[in-house]
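The values are calculated or read from the model by the stated rules, or taken from the named source; none is laboratory data. The structure presented is a predicted model; accordingly, all values stated were derived computationally and were not measured. Every residue, glycine among them, receives a Cβ derived from its backbone with ideal geometry; neighbour counts consider all protein chains shown. The area values use the complete protein model at the heavy-atom level, side chains included, leaving out ligands, DNA and RNA. Shrake-Rupley method; radii C 1.70, N 1.55, O 1.52, S 1.80 Å.
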Amino acid sequence: MSADKIVNPNPPRRLSLILGILVTAQFVVVLDFSIVQIALPTIRTDLSMSLPDLQWIVSAYGLTFAGFLLFSGRASDIYGRKMLFMIGLVVFSLSSLAAGLASSELVLIAARVVQGIGAALASATGLSMLVRTFAPLGRLTQILGIFTAVSASGFSVGVVLGGVLTEALGWRWIFFVNVPIGIVVSALAIRFLPDPAGPRSEHRHLDLPGAVSVTAGLMLLVYGLTNVGNGNPSNLTYAVLMLSAAVLALFVVIEHLSIAPLMPLGFLRRRAIFFANSTALLAFGAFIFMIFLQTTYLQVLRFYSPFYAAAALLPGSLTYLFLGGFAAPRLVRRIGARRVLVGAMVFLTIGMLLFTQLSLTSSYLAFILPAQLVSVIGGSLAATASNILALSAAEPGEEGIASGLINTSRQVGSPMGLAVAVYVIGLVTFGMGVSAPSNEIISGMRYAFLAAAFFAGLGVMTASLLKGNPAKARPA
């Protein structure tokens, strides 16, 4: 059987199974990012975690996901996509079980690190298999549209499901739920997935030093920013920040010298690629600000239960699903990706500025919900438009690099945004975090949203610097 073609007595049914397996895996990977958000305050109480440490539950997953995403795509080119896909699912499922059983914050954060690696393996190889399976059939645009819609639905469902599971069964079940899904999808993958490995690369070289150095450098940076925000930074903290700069500089050197670099620097020097990825990083950094701080505000300061906090975020989740999965691609075709991206960043900036007026008595219907919806409009449109712009700038054969890079930018933006949020709140509350008086926490949140507005405003500028206005590019 050819690596690039599917030979089956009943191709339509086989193709539907392949599509179902791959998008289910992507759904779970995205779900795991959003499902944890609602449970964070409950986890903090149960494991006696500080606010700075709490953000590591999100950041540990996001940073290893980002650091190993491009590496996973490269590994699948050498060792086979099906095998790496199943390894990723198994690693993701076992680490989810470990996270659910964690008895301390250290064990939980370590499990999240491993989860991120498993998610990167499954996500990168799954997307690659979709491209190689359906592109020869002329259905790639349709299939990638489904893939985008499923990703958006995973984010939306995760917010609601996180509240329901945390309220009904406890926070550990937000991780346990991944285990049976991972087992079933792995079993189906063994039986039904082909291995569209394609031609093997001339250079059988894995840039593991690049993956490790970029992940370590970003983790050190987040750790340093978090400690500075604690209000009592030590010389060790500043040493960590300098070390992070050195490690990230080493990553650039490694990429320059590598036979098969994780991130080809010449590719990133292209104007459209650079500004599309810069905007995506800024957009997701600001957007995750909003999710993390809004969840903390509702549950810690307004005493919402996890279920009611999820219900409060439900309108934004449904808006994200509709705009990101269905409306945004059509809007791009009508007015062009660049205009959509600029408009999205304007909406995101306005949303963050609205949240700077947050108070302990803010009305949900009159204030929180409108600010949430404005922010979500910006975040959802930015996700789709930046994907399209990043892919439209790639030459034929570079789609894998372009897709991997834009996904990496988003994954890097999220934990960096959280680190800055915790840093700003820590400066205002002098490191007391959620133990500080409520009025000081609110003040810290307002300044954090102001920082998010600054990032989103930079995103308006980077989006405006994009040239051209591709209106019929392939969605990622």
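Enter the accessible area of residue 223 (Å², nearest 10), with the probe set to 1.4 Å and all protein chains included.
Counting only protein heavy atoms, the figure is 100 Å².
To the nearest 10 degrees, how steeply does helix 399-429 sit against the main Cα axis of the chain, on a 0 to 90 scale?
That helix lies at roughly 10 degrees to the long axis.
Charges on Cβ only, +1 for Lys and Arg, -1 for Asp and Glu, centred on the Cα centroid of the chain; of 327, 378, 42, which one is farthest towards the dipole's positive end?
Looking along the dipole axis, the top candidate is 327.
Given contacts defined as C-alpha pairs under 8 Å and at least six residues apart, what's the relative contact order of region 317-462, whole-number percent?
After rounding, I find 33 percent.
Pop out the Kirkwood hydrodynamic radius of region 54-109 from its pairwise C-alpha distances, inverse of mean 1/r, in Å to one decimal.
12.5 Å
May I have the convex hull volume per residue, in Å³, for the Cα set of region 1-134?
Details: hull volume 13.6 nm³, N = 134.
Taking the convex hull of the Cα positions in region 1-134, it is 101 Å³ per residue.
5 Å is the cut-off here: which amide hydrogens, built 1.01 Å from N in the peptide plane, fall below it relative to residue 466, excluding neighbours closer than 5 in sequence?
Those qualifying (amide H under 5 Å, at least 5 residues apart or on another chain) number zero.
Dividing the convex hull volume of the Cα atoms of the chain by its residue count, what figure in Å³ per residue is obtained?
Looking at the chain, the number lands at 126 Å³ per residue.
What does the accessible area per residue of the chain come to in Å², with a 1.4 Å probe and no ligands, DNA or RNA counted?
Numbers: 18350 Å² over 476 residues.
Ligands and nucleic acids excluded, the result is 39 Å² per residue.
Using Cα-Cα distances under 8 Å and only pairs 6 or more residues apart, what relative contact order does the chain have, in percent? Please list the in-between numbers first.
Details: 863 pairs, mean separation 109.3, N = 476.
It rounds to 23 percent for the chain.
Considering the convex hull of the alpha carbon atoms of region 203-340, report its projected area averaged over all viewing directions, in nm², one decimal.
Its Cα hull, projected and averaged over all orientations, spans 12.6 nm².
Using alpha-carbon pairs under 8 Å, 6+ residues apart, how would you state the relative contact order of region 323-379 in percent?
44 percent
Given the options 408, 178, 104, identify the residue whose Cα lies farthest towards the positive end of the charge dipole of the chain (+1 on Cβ of Lys, Arg; -1 on Cβ of Asp, Glu).
Farthest towards the positive pole: 408.
On a 0 to 90° scale, report how tilted helix 11-47 is relative to the longest principal axis of the chain, with both axes built from alpha carbons and the result rounded to the nearest 10.
20 degrees
Find the centroid of the Cα atoms in region 240-269 and in region 89-114, then give the distance between the two in whole Å.
29 Å
Suppose the chain between residue 107 and residue 270 were pulled fully straight at 0.36 nm per residue; how much longer would it get relative to their current alpha carbon spacing? Walk me through the intermediate numbers first.
Values: separation 163, 0.36 × 163 = 58.68 nm, distance 4.12 nm.
Using 0.36 nm per residue and subtracting the Cα-Cα distance, I get 54.6 nm.
Applying 1/(1 + (r/R0)^6) with R0 = 25 Å to the Cβ-Cβ distance of residue 326 and residue 46, what FRET efficiency is obtained, to the nearest 0.05?
0.10
Just to verify a number: what accessible area does residue 256 come out at with the full protein assembly present, 1.4 Å probe, Å² rounded to tens?
The value for residue 256 is about 140 Å².
Could you go through region 94-110 in sequence order and give the Karplus-derived ³J(HN,Hα) for each residue, using 6.51 cos²θ - 1.76 cosθ + 1.60 with θ = phi - 60°, rounded to whole Hz, and x for Gly and Pro?
Taking θ as phi minus 60°, the curve returns 5, 6, 5, 4, 4, 5, x, 8, 4, 9, 8, 5, 5, 5, 5, 5, 4 Hz for region 94-110.
Calculate, in nm to one decimal, what residue 137 and residue 361 gain on full extension: separation in residues at 0.36 nm each, minus their alpha carbon distance.
On the way: separation 224, 0.36 × 224 = 80.64 nm, distance 5.62 nm.
Length gained, residue 137 through residue 361: 75.0 nm.
Select from 121, 190, 439 the residue farthest towards the positive end of the dipole of the chain; place +1 on Cβ of Lys and Arg, -1 on Cβ of Asp and Glu, and compute about the Cα centre.
190
Residue 46: accessible area at probe 1.4 Å, nearest 10 Å²?
Rounded to the nearest 10, that gives 90 Å².
Amide H to amide H under 5 Å from residue 49: which residues, 5+ apart in sequence or cross-chain, H placed 1.01 Å off N in plane?
Amide H to amide H, under 5 Å and 5 or more residues apart or across chains, residue 49 pairs with nothing.
Rounding to the nearest 10 and keeping the result within 0 to 90°, find how far the Cα-based axis of helix 306-322 lies from the longest principal axis of the chain.
Tilt of helix 306-322: around 40 degrees.
Once phi is turned into θ = phi - 60°, what whole-Hz ³J(HN,Hα) does the Karplus curve with 6.51, -1.76 and 1.60 give for every residue of region 371-381, x standing for Gly and Pro?
So the J values, rounded to whole Hz, are 5, 4, 5, 4, 5, 5, 4, x, x, 5, 5.
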